[in-house]
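The values are calculated or read from the model by the stated rules, or taken from the named source; none is laboratory data. Worth saying up front: this structure is predicted, and the values here are computed from it rather than measured. Positions of Cβ are generated from backbone atoms using ideal geometry, with glycine treated the same way; all protein chains shown enter the neighbour counts.
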Amino acid sequence: MRFGMAGRMGQGMRQIVRFVDRYTGVGNFGGNVGHCTVTNGIFAALRPLPTSLCDFLLLLSINNAALLTAGVKSKLTHVIQGGKAVNAVTSLGDDVFVMRFDSRQVEVYDARTFTLQRQLTVHRFYSLTGLAACAHHQCLYVSDYNQDIVQRAELSGSQAVKQWSVASGPRGLSVNKAHNVVMACYGADKIQEYTTHGALVREISLEQAGVTNPWHAVQLSTGDYVVSEHTSPRAVSVVGVDGQLVCRYLTSETSNVGQMSSPTSLAVTENDDILVADTDNKRILLINRSLSSARELALPVDGGIQWPWGLCLDESRGRLYVGEDGGSCQVLVFDGVRL
């Protein structure tokens, strides 16, 4: 792979290159200073170094390169002002949907101007917790945690509404590649998948995987599901369709991010890397697809993010929406996010 160093890699990577050139006498290590090619030559050049130092330099170079794709150039471009805590946020086309605590309305904003366009009233719902939009069916899904109900609302045409009962305590919602709605049922320790018309496709008990209190579930390209566990052990796990644990992220020796505290919303990239709203730690983590390492996203905002709860990634725009559960209870809009 190639990393353009000039103006991008920063002084850390330049110093590594100069150090290796000086220490090994290789000279012009890895190509030229303006454009470094990372090949097997990097390992050959490092072989004369002591093992511990070699490992250290490699780790520095890998981390420095990883930062190029970890939202370093992200910028806070808009703020949707708050009021009540944000339970969930999602987007579809040029619309951004925001759901707040103790509200029966979903706010709809223009994704270009961020002006409030309209409000969708959710009838007979009392504890709105989950929100997901489907481009294929042009509809919006909302879950009610206390009544164990999911509602589907048309976003065009008839604006018809349909609802059905689900397992206990539906929290986060997502839409998979089959255009079905996936829900984490917090009270039942289950994942359920339904068609857009409310027919149950699959129910996965998380008991065998040792996953409890699931907050959000998203299906990966492999067919497995990534799940956030809101309470102890406060982990992010991947489970198969058979309910077996595939892997789990708690903490990692290769990542200096510490223990998660109340992970809630998830967002998954096209490459199956996973964004996690680490709510009580007031940060967003990026965990790799194998769940072997994690790092905190560098998201510039004065005073930091306050209890992130809602999370929505729009990769087509290079944009990340973060809804706050505390502080000013805003929706923060970060552009230039490349993961």
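Some values worked out for this structure:
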{"item": "Pairs with Cβ under 7 Å, 6+ apart, first in region 103-116 and more than 18 Å from GLU154 (Cβ to Cβ), second of a type in the set (Lys, Arg) and not in a strand (DSSP E or B)", "result": "SER103/LYS84"}
{"item": "Filtered residues of region 222-265 (kept if outside any strand (DSSP E or B) and touching a residue at least 40 places away in the same chain (Cβ under 8 Å))", "result": "THR222, HIS230, SER252, SER255"}
{"item": "Considering residues of region 138-169 that are in a loop (DSSP other than H, G, I, E, B) and hydrophobic (A, V, I, L, M, F, W, C) only, the residue surrounded by the most Cβ atoms within 10 Å (Cβ to Cβ)", "result": "VAL166"}
{"item": "Residue satisfying condition, being in contact (Cβ under 8 Å) with a residue 60 or more places away in the chain and within 23 Å of the chain's Cα centre (by Cα), within set CYS134, CYS139", "result": "CYS134"}
{"item": "Which listed residue is of a type outside the set (Phe, Trp, Tyr), assigned to a strand (DSSP E or B), assigned by TED's automatic domain parsing to the domain that holds SER237 and modelled with pLDDT of 95 or more, from LEU173, LEU120", "result": "LEU173"}
{"item": "Identity of the residue in region 222-248, surrounded by fewer than 17 Cβ atoms within 10 Å (Cβ to Cβ) and among the hydroxyl-bearing types (Ser, Thr, Tyr), that ends up modelled with the lowest pLDDT", "result": "SER232"}
{"item": "Which listed residue is of a type outside the set (D, E, K, R), crowded, with 23+ Cβ neighbours inside 10 Å and either within 23 Å of GLY258 (Cβ to Cβ) or assigned by TED's automatic domain parsing to the domain that holds MET260 (or both), from PRO308, PRO300", "result": "PRO308"}
{"item": "Test: residue in region 267-286 that is of a type in the set (Lys, Arg) and in contact (Cβ under 8 Å) with a residue 60 or more places away in the chain", "result": "no"}
